[in-house]
Amino acid sequence: MRNVFSLVFSFCGLTVFGQHMLPLVQDTTGKYKGSITLTSNGDYASNAIGKNIVQSFFYGGFIDQNMKNSSIERLQNINQFGLDMNAELSFRSKGDLTKKENSPFYNHGYIVQAGYHQFSSLVFSRDAFRYAFEGNSLFLGDTADFSGTRFNSMGYSKFGFGIFNRSTNNALTLNVISLNQFASGNMETASILQDSQNDTIQMDYTGGFSFAKNGGFSKGFGISFDVDYRIQTNENDHAMTFQLLAKNIGFMLPTQMTRYAADSSFQYTGFNLNQLVQQNLLSTMSLADTLGIEKGTEKRALLLRGFIQFSKLVDMQATQRIQSFYGARMFLSQNYIPYFFAGVHGRVTKHWSTGLSASFGGFSQLKWGMYSSFQLSRWNIGVASENLFSKTGESIILQVKCAF
Amino acid sequence: MKKILFLCFLIGLVSCKKEETSWNIDVEAPLLHDTLSLKNWVNDSTLTETNGEIEVDLTRTLLDIGLSELIKIPDTSVTQLFSPIITLNNIPPGTTFVNAIEEHAVDLDDVQLKSIRVFDGRVKVKVYNPLGTKVLFKVQMPGVTQNGVMFEQNYSVDAGSVTNPTVQEEWLELSNYQIDLRGVSGLEYNILQTKLTLTTDPNGVPVSISSAYDFKFEASLSDIKVDYAKGYFGSKVFSDNANFNIDFLNMITEGTLDLPGTALQITVENGIKVPVRGQLHYLKNTNQLGNTVSLTSPEIGPNFYISPAVGSWTSLQSNSQELSFDPTNSNLESFLENLGATNEASYEVQLNPWGNTTAGNDEAFPNSRIKVKASAQLPLKLGLDGLTLRDTFDINFKQNEANTHVESGLIYLDVSNAFPFSCDPVLYLMTEDGQILHTLIGSSQISSCEMATVDPIDGLKKQPSHIEFNIEKEALSDLANIKKIIVEARFDSPNASTGLSEPKQVQAKAFLSFKLRMKLNTKVIL
């Protein structure tokens, strides 16, 4: 049942990765006038947090100690978790933009696309995970260090119009962006010391948290562009195509934010009887004051969490049955490490191609992937995963393409 | 399009979320910490230490009266009138008419005062001019002096008429005035004197005055309080059934307290130069169970007499009479060991029991007081045998099991006890109407310091104890219904060898320090 939900979830919710992730194919719909492509992607990965824990957040469920222990065994001093979900519908028309041969837009078609993107990333310390999932008991007589913990989450919708060269498939698309959700936080330094007798809790912290303030669906506007640039080469009489792809490269105009910041320390030793009798206990308001948390507002521009990818593509019209593909990807997020991938593509039958991939980086380490692509007359259906066997992440990519 | 996509995305998310995400964490934190010394227990009494033994000197003042309660000067108005018998025609400007001194009696019942000093009070002077020209009024009160100068006020009152005289009034402070109440002859008492002098306008025209013209002044004394008085203060009786409560004792629900070597004194102190009679009718107390014990002693019932104070002003010395009660002349021990929270003392104090035997020379000064005090000396050598204190507190904790909530908990108490008493604590969790839903019994007792050896650093015996209260899931499930908590503590003063309760001396500088901490198993629900 969960897999069905996953499928529906991914179908409903996700992105464009069919165009830029595995399988990476050169356009095979040359004889048609245009195409409509629905691509969706759901991908999360971590170098520590088990997918059974993440699935508990997605589908609900109890996170037991065994699940925690499995993740704890993988914890390093600094750990990552990332989530990328998106869906995009794209219409490509090969109809001429102009008949004038001397026009720069001669031999160009146009693209209309719309989609929704959600990108979240989290970097956290070993102690932050254990504090959150096990509590503070195990830290008695010790210091829990949260320094370096930070997170960022952004959700936005886009609507774009672009052009592409019918011969080379080079494309440029300009998008209007509507910010739907944004939150970020960081703890530059943060620690909690609790003595072994449980007499004193000493907290030292420097950090902040901010989120987009305005209510409603749209919290701000911005612009971005997508670039698809193909490079044709020959090696050993075999044509090869490389692709430089940049997606969602842009920014949000200055957006109103609510910000909480603190650079303080606090010691708690419990209350004494006089405080109890006088009920001079901490109220919510005075708690913020006591902890030295300041609330304010700010306006700032935001960089979109787009990515740049360079890769060798698979040519579906090539004569050889086995092809290789490889490349590298980098999201514009400081929590993301460069992602490298490579794989082999095989044409099993006229209508069915499949492949295997290996990748390293992003939010996790080594991952194995697999895909299959079915060509049925005007329809192309692709199902892929960049992360099949990992205990710390999942990935599913769906693409449905119809040429006409 | 984008909204449709986003809607699909949301539906996908929500449809997947069939149950909450949850996990358990253990949270530990300190809750309370404090150190209670003897000062915390007897904050209204004096602790004295003799040879390392502590004694509580507990004193309550049952009566404390001074001059303002003994001598009350009623608000008094006096009037003096000048009206010619015959018509006087063509009186030249500046003619003066001097009225004779008039005497006015002040009603003070059987009190006969010769002299007083006012420390607070005022007088309203009001003059009436019925003449068609301006008149100068000189108002004097012979015998009312300040620093030897007689009270005198002068008023220039504009023209008026017989039917509508011009009125002028003024409020004046009388503080620090001496008032001689012996009258013109100097042999009387409770007499105020006044004198009125009138002068026609020196710059006016000749006037005629007939018998229809009433030149008048009124002096109204109000809120007069005195800090010195001389005379005969009467034979007034002050009696009272004084109640005083010791609420702490109301929390004792069972058990016994052994208080050896106690003493109680009732003292009547006379700071007034007047003979005083005193009488203690009874002294009794009632404990939380309703048992009443009266103090019985030959000292209770008979009159006793106290001589007048001696000296004056700064040299005044009180005389006093003390009624002493101890185990040899009374049932004091059983009276105190009844642990009466409600105490009642009935007594009376009378001035001049034989009448005016001082020939009107009773005298009271600013620092003159008549006091009745009860004081007890309780050596802190107590024998506690199952003495049980119980107190109830309102609480209002809520948690929703659909949200993050505590599933079970442990509250633990670490105590360092330098008192020679052990304590078994129990907590009862109750509904609003008093139904006990859960009982939390401490895992062990707070041990008596008798179980410890003397710490060479501070010379005290101190016994550490660790007590745990388990809060089960069932109790937490009932949290919404729990509105009261009873804290019950059973005290004993055990012998370290036999374990039997016996009177134990409390160490000087004894204390009880504690730290209350919690460990909660919490279910986090998102």
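At a glance:
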| quantity | calculated |
| --- | --- |
| Some residue of the stretch B:172-195 being of a type in the set (Phe, Trp, Tyr) and in contact with a strand residue (DSSP E or B) (Cβ under 6 Å, 6 or more places away or on another chain) | yes |
| Residues of the stretch B:169-205 classified as outside any strand (DSSP E or B) and either open to solvent by less than 20 Å² (accessible area, probe 1.4 Å) or aliphatic (A, V, I, L, M) (or both), total | 7 |
| Residue list for the stretch B:59-86, restricted to those being in a strand (DSSP E or B), over 30 Å from B:Glu344 (Cβ atoms) and open to solvent by 70 Å² or more (accessible area, probe 1.4 Å) | B:Ser77, B:Leu81 |
| Strands (runs of 3 or more DSSP E) enclosed by the stretch B:267-369 - at least 3 residues per element that are farther than 23 Å from B:Lys230 by Cα | B:276-286, B:292-294, B:319-325, B:342-351 |
| Residue satisfying all of: in the stretch A:187-206; of a type outside the set (A, V, I, L, M) and surrounded by 19 or more Cβ atoms within 10 Å (Cβ to Cβ); farthest from B:Asp34 (Cα to Cα) among these | A:Tyr205 |
| Sole exception among (1) crowded, with 16+ Cβ neighbours inside 10 Å; (2) within 30 Å of B:Phe119 (Cβ to Cβ); (3) not polar (S, T, N, Q) for B:Ala359, by number | (1) |
| Selected residue (only one of B:Ala480, B:Ala489 is under 35 Å from the mean Cα position of the chain (by Cα) and either modelled with pLDDT under 90 or at positive phi (or both)) | B:Ala489 |
| Pairs where the first residue, in the stretch A:126-154, is farther than 18 Å from A:Glu188 by Cα and open to solvent by 50 Å² or more (accessible area, probe 1.4 Å) and the second is in a helix (DSSP H, G or I) and of a type in the set (Phe, Trp, Tyr), C-beta under 8 Å, 6+ apart | A:Arg130/A:Phe139 |
| Failed item, numbered, when B:Gly121 is tested on (1) in contact with a Ser or Thr (Cβ under 8 Å, 6 or more places away or on another chain); (2) modelled with pLDDT under 85 | (2) |
| Enumeration of residues in the stretch A:73-82 that are assigned to a strand (DSSP E or B) and without any contact (Cβ under 8 Å) to a residue 60 or more places away in the chain | A:Asn79 |
| Out of A:Ile223, A:Ile249, sole residue that is β-branched (Val, Ile, Thr) and open to solvent by less than 70 Å² (accessible area, probe 1.4 Å) | A:Ile249 |
| Filter result (buried (at least 17 other Cβ atoms within 10 Å of the Cβ) and within 14 Å of chain B (Cβ to nearest Cβ)) within the stretch A:170-181 | A:Asn175, A:Ile177, A:Ser178, A:Leu179, A:Asn180 |
| All positions within the stretch A:114-134 that are away from chain B (no Cβ under 14 Å) and of a type outside the set (Lys, Arg) | A:Ser121, A:Leu122, A:Val123, A:Phe124, A:Ser125 |
| Residue match in the stretch A:86-94 (condition: open to solvent by 20 Å² or more (accessible area, probe 1.4 Å), without any contact (Cβ under 8 Å) to a residue 24 or more places away in the chain and within 14 Å of chain B (Cβ to nearest Cβ)) | no |
| Subset of the stretch A:198-221 [within 14 Å of chain B (Cβ to nearest Cβ), of a type outside the set (Val, Ile, Thr) and assigned to a strand (DSSP E or B)] | A:Gln202, A:Met203, A:Phe221 |
| Which numbered condition A:Gln323 misses (of (1) out of contact with any helix residue (DSSP H, G or I) (no Cβ under 9 Å at 6 or more places or on another chain); (2) surrounded by fewer than 21 Cβ atoms within 10 Å (Cβ to Cβ); (3) not hydroxyl-bearing (Ser, Thr, Tyr)) | (2) |
| Selection from the stretch A:143-169 of residues that are of a type outside the set (Phe, Trp, Tyr) and within 12 Å of chain B (Cβ to nearest Cβ) | A:Gly155, A:Ser157, A:Lys158, A:Gly160 |
| A:Asn41, sole failed condition from (1) of a type outside the set (Asp, Glu); (2) open to solvent by 10 Å² or more (accessible area, probe 1.4 Å); (3) within 13 Å of another protein chain (Cβ to nearest Cβ) | (2) |
| Residue check for B:Asn396: part of a loop (DSSP other than H, G, I, E, B) and modelled with pLDDT of 90 or more | no |
| Only listed residue being within 20 Å of the chain's Cα centre (by Cα), free of Cβ contacts under 8 Å to residues at least 60 places away in the same chain and away from every other protein chain (no Cβ under 14 Å), chosen from A:Ser191, A:Ser184 | A:Ser184 |
| All strands (runs of 3 or more DSSP E) inside the stretch A:87-187 with 1 or more residues being closer than 20 Å to A:Gly222 by Cα and touching a helix residue (DSSP H, G or I) at 6+ places or on another chain (Cβ under 8 Å) | A:108-125, A:149-165 |
| Index of the failed condition, B:Ser161 passing every other in (1) exposed (fewer than 13 other Cβ atoms within 10 Å of the Cβ); (2) touching a Pro at 6+ places or on another chain (Cβ under 7 Å); (3) part of a strand (DSSP E or B) | (3) |
| The stretch A:55-72, residues that are at the interface with another protein chain (Cβ under 10 Å from one of its Cβ atoms) and in a helix (DSSP H, G or I) | A:Gln55, A:Ser56, A:Phe57, A:Phe58, A:Tyr59, A:Gln65, A:Met67, A:Lys68 |
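The values are calculated or read from the model by the stated rules, or taken from the named source; none is laboratory data. Given the structure is predicted, the values throughout are model-derived calculations rather than measurements. Every residue, glycine as well, gets a Cβ built from its backbone with ideal geometry; the counts of neighbours run over all protein chains shown. Surface areas here come from the heavy atoms of the whole protein model, side chains and all, with no ligands, DNA or RNA. Shrake-Rupley method; radii C 1.70, N 1.55, O 1.52, S 1.80 Å.
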